[in-house]
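To start, the structure under review is shown below, and the notes come after it.
The values are calculated or read from the model by the stated rules, or taken from the named source; none is laboratory data. Given the structure is predicted, the values throughout are model-derived calculations rather than measurements. Backbone-built Cβ (ideal geometry, glycine too); neighbour counts: all protein chains shown.
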Amino acid sequence: MMNQSYQQGNLVELDIIDLAHSGDGVGKLDGRTVFIPDTVTGDRIVARLTHVKKQYAHGKLQDIISPSPHRIRPSCIVADKCGGCQWQHIAPGYQLAAKENQVIQALKRIGGFEHPPVLPILSSPEMLGYRNKATYPLRRSTTGTVQAGYYQRHTHQIINLNQCPIQDPRLNPILAEVKQDIQTQGWSIYNENTGQGKLRHLGLRIGKHTGEILLTLVSTSKNLPNFQQQAEAWLQRYPNLVGVSINHNPDPGNKIFGQETFNHIGRPYLTETFGQLNFQLSSDTFFQINTEGAEVLLNFLLDKLRLTGEETLIDAYCGVGTFTLPLAQKVAQAVGIESNNHSIEQAETNAKINGINNAKFYQGTVENILPLLHLSPDIIVLDPPRKGCDRKVIDTLKTIHPPLILYISCQPSTLARDLEKLCQQDLYKVQWIQPIDFFPQTAHVESMALVRHNID
């Protein structure tokens, strides 16, 4: 029975009028905002209110009275349960429009930019099968069966998967079969409530262009009974598998990878090509999830920057040199800064195997290293994590005031915040912001902003 009052547990009828940055649909009830997952602008729905606050509420979709023209049939049978992606029910064109608008609204609301110069969003070359890395938590079901999958939204309940339409399809057979092998071996599965058991995650990474695959088990123990024999069997079974490792993570908490990874057979890295360069990637270092999407970004920025070959460039948060090394080929000097020591080692290796001699890498936080370089860079590339730049980084940039700052962001809200800080006192001016869809079927969007120093 319908009760339109604003109370927890009630069924309510709503028109979905927008999409929130979380990916949830947005409706209005008695002037209050209601967030409903698995909906899209234009839906008329019935929802049950699950969490009610003074000014907003969350609800659960119960029925679709009339579907939006933007609604499509999901590619995955557990799309409404799995937390791996939120938008499989939304048409690709509307996903792009919503992400572009997400960037515009963040720049207006948080950054205070009245007319942000946002360019039309660039789409991913692939809407499905684009993920080159997947790390699945492991659990045992109530019947003792080994399960692997993504967590159900807002829970730690695993949705068991044998395939995933957004990961590279070459990984699907391995996901299904390795679960069965773990079951057969009888290895214990970690219980996050009791802290007992060994296996925590199954990690798979693939070179999109080379097809090389790494398999990594994250475990509280460095050793598993009969692991060497099982690793050898995997290497024989999967022709593209080039290495099998155990990552040791004995610490409680949500961090997936521990500090040490032990390679048991094959190589501790796969090879990948990116920007016409060769890269070595290990199982636990950062590399863009969407290889072809990142290549779209790289080609765009090379076209826009029009480098002369005389520039000094600093790549902050450089990872394994993903963007540092292709850019180093176009400038006089490139410097990378990265806090992860293993990533720095891989960046140096990647420079060496490509014969790039004008790139130097420093290990440490950007806020600590950047002031110590005593360089006058022509361009600084920022590619921080979701939390954005530390305030000290922004202050240092204002002190050394490079002519150009290229800011690559995976979070529109922190991009808007940091751009607002940079542009205070008219010190810098945003030239353009280019959204790019790195993460189809999810609400996440990548953006790239070019900021130019205002010359006195």
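Checking Gln102 against (1) closer than 29 Å to Gln167 by Cα; (2) part of a strand (DSSP E or B): exactly one of these is not met. Which one?
(2)
Does the stretch 53-64 include one or more residues that are crowded, with 22+ Cβ neighbours inside 10 Å and in contact (Cβ under 8 Å) with a residue 40 or more places away in the chain?
For the stretch 53-64, residues crowded, with 22+ Cβ neighbours inside 10 Å and in contact (Cβ under 8 Å) with a residue 40 or more places away in the chain: present.
Could you list, in sequence order, all residues of the stretch 67-84 that are under 24 Å from Asn101 (Cα atoms), of a type in the set (Ser, Thr, Tyr) and surrounded by fewer than 19 Cβ atoms within 10 Å (Cβ to Cβ)?
none
Scan the stretch 353-395 for residues that are assigned to a loop (DSSP other than H, G, I, E, B), surrounded by fewer than 17 Cβ atoms within 10 Å (Cβ to Cβ) and of a type in the set (A, V, I, L, M, F, W, C) and jot them down.
Passing the criteria: Leu373, Leu375.
Which residues, counting only those in the stretch 122-168, are among the charged types (D, E, K, R) and touching a strand residue (DSSP E or B) at 6+ places or on another chain (Cβ under 7 Å)?
Arg131, Lys133, Arg139, Arg140, Asp168
Looking at the stretch 396-432, which of the residues that are among the polar types (S, T, N, Q) and in contact (Cβ under 8 Å) with a residue 24 or more places away in the chain is surrounded by the most Cβ atoms within 10 Å (Cβ to Cβ)?
Ranking the candidates gives Ser409 first.
Does at least one position in the stretch 445-452 carry a residue that is in a helix (DSSP H, G or I), assigned by TED's automatic domain parsing to the domain that holds Leu313 and touching a Ser or Thr at 6+ places or on another chain (Cβ under 7 Å)?
No, the stretch 445-452 has no match at all.
Can you tell me how many residues in the stretch 193-226 are at negative phi and in contact (Cβ under 8 Å) with a residue 40 or more places away in the chain?
Total satisfying the criteria: 20.
What is the one condition in (1) at pLDDT below 95; (2) under 27 Å from Leu128 (Cα atoms); (3) part of a loop (DSSP other than H, G, I, E, B) that Pro252 does not satisfy?
Checking Pro252 against (1) at pLDDT below 95; (2) under 27 Å from Leu128 (Cα atoms); (3) part of a loop (DSSP other than H, G, I, E, B), the one that fails is (2).
Please determine, by comparing only the residues of the stretch 18-47 that are assigned to a strand (DSSP E or B) and surrounded by fewer than 15 Cβ atoms within 10 Å (Cβ to Cβ), which one is modelled with the lowest pLDDT.
Arg32
Would you mind telling me which numbered condition in (1) within 19 Å of the chain's Cα centre (by Cα); (2) farther than 30 Å from Ala106 by Cα Ala334 fails?
Against the list (1) within 19 Å of the chain's Cα centre (by Cα); (2) farther than 30 Å from Ala106 by Cα, Ala334 comes up short only on (1).
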